[in-house]
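One structure is given here, and the rest of the page talks about it.
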Amino acid sequence: MTQKVAVVTGGTRGIGRAISEALKDDGYLVVAVYHGNEEAAKKFKDETSCAAIKFDVANFDQCHDALEKIEKDFGPIGVLVNNAGITRDGVLHKMPLENWNDVIQTNLTSCFNMCRAVIAQMRERKFGRIINISSINGQKGQFGQVNYSAAKAGMIGFSKALALESAIKNVTVNTVCPGYIETDMTANISKEILNTIISQIPEMRMGKPEEIAAIVSFLASEKAAFVTGATISANGGQYMV
């Protein structure tokens, strides 16, 4: 059997890197997608021996061309993890249109761009695992994040609809909603604010990227063949649905 390829957007840092490493350990040939941080991408490639390809997931044509090339160079894509995301925080009454558009395009439209480029082939092969990384803030909302919360909530609805369309073809589509995770992004939060956040988490700690990666690993496996359209929260009990 040809080794299946797993594509992970935002796959060279933080949660994305942990997912890339977990899927590699599961036997997938991992291709990580990045856009801006060349240094992190080089470090990722050197330390993991996985491929890292640069393109803009917010651009439909770039996604189509890049995934077509990945299939040609590496083989059939069996797993797609949409993890890329950005923040442009600010209250709505002061939010520039650019900040709304940038977040919606990168965090939500990218799911359409990437899934549209692989779904027909997955359906034809009668196998596929699509895992979309949303957020606790897409479930409960967050002050100063109308753009981010809207995009992450949109990913949940997108996933459920695509799951309904694709189940008959053995293509599963699921969503993971992490809470506050130990990454470069949260490392930049002041100690005072971080302590306030942790005090609101019943487990009294932040999550680890590897804990999110373990969920993705399960959803990508044959063990999760009957799981589709699910939204899995991993937030230490901070928000229970």
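Only the coordinates and a few stated rules stand behind these numbers; no lab work does. Small disclaimer: the values here were computed from a predicted structure and weren't measured. When we count neighbours, we look across all protein chains shown, and the Cβ atoms used for this are built from the backbone with ideal geometry, even at glycine.
Brief remarks follow.
- Each listed q (0.11, 0.14, 0.15, 0.18 Å⁻¹) maps to a log10 I(q)/I(0) for the range 36-174, found by the Debye formula over equal Cα scatterers with no solvent: -0.45, -0.72, -0.82, -1.08.
- Extended-chain gain in nm, criterion 0.36 nm per residue less alpha-carbon gap, PHE60 and LYS208: 50.1 nm
- From phi via Karplus (6.51, -1.76, 1.60), per-residue ³J(HN,Hα) for the range 32-43 in Hz, x at Gly/Pro: 8, 9, 9, 10, x, 8, 5, 5, 5, 5, 5, 4
- Histogrammed with a bin width of 5 Å, the alpha carbon distances of the range 23-95 distribute as 3, 12, 22, 23, 18, 9, 5, 4, 3, 1 percent, first bin at zero.
- Relative contact order of the chain, taken over Cα pairs closer than 8 Å and 6 or more residues apart, is 20 percent.
- For the range 123-179, the equivalent ellipsoid derived from the Cα gyration tensor has semi-axes of 27, 9, 7 Å, listed largest first.
- Highest-fluctuation residue, GLU98, GLU38, GLU165 considered, GNM on the chain with Cα pairs under 10 Å: GLU98
- Its DSSP H runs of at least 4 residues, each contributing -39,500 (n - 2.57), put the calculated 222 nm mean residue ellipticity of the chain at -14500 deg cm²/dmol, to the nearest 500.
- Our note on the geometry: Cα centres of the range 41-79 and the range 123-202, 21 Å apart.
- Measuring against 23 Å, Cα to Cα, the residue pairs LYS43/LYS208; LYS160/LYS223; LYS94/LYS152; LYS43/LYS140; LYS152/LYS223; LYS4/LYS72 contain LYS43/LYS140; LYS152/LYS223 as the ones spanning a longer distance.
- One way to sum up the overall shape of the range 16-64 is the equivalent ellipsoid from its Cα gyration tensor, whose semi-axes run 20, 14, 8 Å, largest first.
- Listed residues GLY138, GLY16, GLY27, most fluctuating in the chain (Gaussian network, C-alpha, under 10 Å): GLY27
- Straight-distance candidates among the aspartates and glutamates for linking to LYS24, with alpha-carbon spacing under 19 Å and chain neighbours fewer than 8 residues away dropped: ASP46, GLU47, GLU71, ASP73, GLU210, GLU211, GLU222.
- Take 113-126, 180-193, 148-161 and order them by the average number of nearby Cβ atoms within 10 Å per residue, most first; the result is 148-161, 113-126, 180-193.
- For the range 188-241: Kirkwood Rh in Å [reciprocal of mean 1/r, alpha carbons]: 13.1 Å
- Relative intensity, log₁₀ I(q)/I(0), of the chain from a Debye sum that treats every alpha carbon as a point, q = 0.09, 0.13, 0.17 Å⁻¹: -0.35, -0.76, -1.33
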